[in-house]
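Q: Below you will find the structure I want to go over with you.
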Ligand SMILES: [Mg+2]
C-alpha cells in the first residue's frame, strides 16, 4: 500500500464491477451462479459434476470466464448459458441505503462493468436499488464476449462511454481485472473478502486482504465504508 493516499479530486467516472463488488461476497449469492455453471457444463459436455467443475475453473483461469472457454473450445452459443446461470434467487441480496446515497453523491458519471450479462447487471443492481444511479452498464455481450481481464473490453467500454481513463476509478473484487485499468491510467480499488465461496484456482481466487499488487491503489473489505471515507 502506498504511504500517501492518492487524491481522488480528478475522478469524474466511477466504474464498478457487479458481482461480489456492489454486494458483499460473504452473502454467498454468487455461489448460486457458480453452481449453476457447473450444472450447465456437466450437461453440455456430458461430464460428471466433479469433472465439469474442473473444466469450469480451468476455463475461468485460462480464458477470463468459463463462458469464454466454452465458446473458444466448444463453439458454444452463449445465450442459453447466460440465461441459465443468471436465473438465480435474488432474495438474499439486501439493498444498502447508505451505499445508495454514497454512490448517488459521487461527482461525475457512474457505470457497471461486468463479465456477466447486461440483463444480470440490471436484475441484480435493480434488486439492490442501485440500478437507476448508473449512467450505463457494460455486459459480456458488449465486449463481444471477450471478458475482463483481457484488454479489449476495457478499450471498448471507454470508447462507448467516451471515458478518459485518467479521470476514472475502477472498483473490483477480482485482482487480475485491475491490471489493465491501472495501465490505462485509471485508479483502482480492490474490494476484498475472506469469504471463500469459490474454491477457485489461485489466479482467479477472490482477493483476501493480504493481497499485494502494484496496480492496486486502494484495498477495502467494505465498499460502503470506503466510499464514506473517500468521497
Ligand atoms: Mg466480481
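The values are calculated or read from the model by the stated rules, or taken from the named source; none is laboratory data. This is a predicted model, so every value here is computed, not measured. With ideal geometry, Cβ positions are generated from the backbone for all residues, glycine too; neighbour counts draw on all protein chains shown.
Q: Out of (1) within 20 Å of the chain's Cα centre (by Cα); (2) outside the structural domain of residue 103 (by TED's automatic domain parsing), what's the single condition that is false for residue 45?
A: (1)
Q: Something else now. Check whether at least one residue in segment 104-115 is farther than 30 Å from residue 169 by Cβ and surrounded by fewer than 19 Cβ atoms within 10 Å (Cβ to Cβ), and report yes or no.
A: no
Q: Can I ask one more? I'm trying to understand the selection: among the residues of segment 93-118, which are free of Cβ contacts under 8 Å to residues at least 40 places away in the same chain, in contact with a helix residue (DSSP H, G or I) (Cβ under 8 Å, 6 or more places away or on another chain) and closer than 25 Å to residue 63 by Cα?
A: 117 - this is the single residue of segment 93-118 that is free of Cβ contacts under 8 Å to residues at least 40 places away in the same chain, in contact with a helix residue (DSSP H, G or I) (Cβ under 8 Å, 6 or more places away or on another chain) and closer than 25 Å to residue 63 by Cα.
Q: Residues that are away from the ligand (no atom under 16 Å from the Cβ) and touching a strand residue (DSSP E or B) at 6+ places or on another chain (Cβ under 6 Å): does segment 150-160 have at least one?
A: There is no residue in segment 150-160 that is away from the ligand (no atom under 16 Å from the Cβ) and touching a strand residue (DSSP E or B) at 6+ places or on another chain (Cβ under 6 Å).
Q: Regarding segment 24-38, can at least one residue be identified that is in contact (Cβ under 8 Å) with a residue 24 or more places away in the chain and loosely packed, with under 14 Cβ neighbours inside 10 Å?
A: yes
Q: Further, regarding this structure: Quick one: count up the residues across segment 165-178 that are under 19 Å from residue 221 (Cα atoms), modelled with pLDDT of 95 or more and either surrounded by fewer than 23 Cβ atoms within 10 Å (Cβ to Cβ) or within 12 Å of the ligand (Cβ to nearest atom) (or both).
A: Summing the residues that are under 19 Å from residue 221 (Cα atoms), modelled with pLDDT of 95 or more and either surrounded by fewer than 23 Cβ atoms within 10 Å (Cβ to Cβ) or within 12 Å of the ligand (Cβ to nearest atom) (or both) in segment 165-178 gives 5.
Q: Say whether the condition of being out of contact with any strand residue (DSSP E or B) (no Cβ under 7 Å at 6 or more places or on another chain) and surrounded by fewer than 20 Cβ atoms within 10 Å (Cβ to Cβ) is met by at least one residue in segment 135-142.
A: Checked segment 135-142: at least one residue is out of contact with any strand residue (DSSP E or B) (no Cβ under 7 Å at 6 or more places or on another chain) and surrounded by fewer than 20 Cβ atoms within 10 Å (Cβ to Cβ).
Q: Another one. Please work out if residue 183 is at pLDDT below 95 and either closer than 20 Å to residue 13 by Cβ or surrounded by fewer than 21 Cβ atoms within 10 Å (Cβ to Cβ) (or both).
A: Here the answer is no, as residue 183 does not meet what is asked.
Q: Can residue 147 be described as assigned to a helix (DSSP H, G or I), buried (at least 19 other Cβ atoms within 10 Å of the Cβ) and outside the structural domain of residue 37 (by TED's automatic domain parsing)?
A: Against the criterion (assigned to a helix (DSSP H, G or I), buried (at least 19 other Cβ atoms within 10 Å of the Cβ) and outside the structural domain of residue 37 (by TED's automatic domain parsing)), residue 147 does not qualify.
One line per residue, one yes/no per condition, for (1) surrounded by fewer than 18 Cβ atoms within 10 Å (Cβ to Cβ); (2) within 16 Å of the ligand (Cβ to nearest atom); (3) modelled with pLDDT of 95 or more:
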| residue | (1), (2), (3) |
| --- | --- |
| 7 | yes, no, no |
| 11 | no, no, yes |
| 46 | yes, no, yes |
| 51 | yes, no, yes |
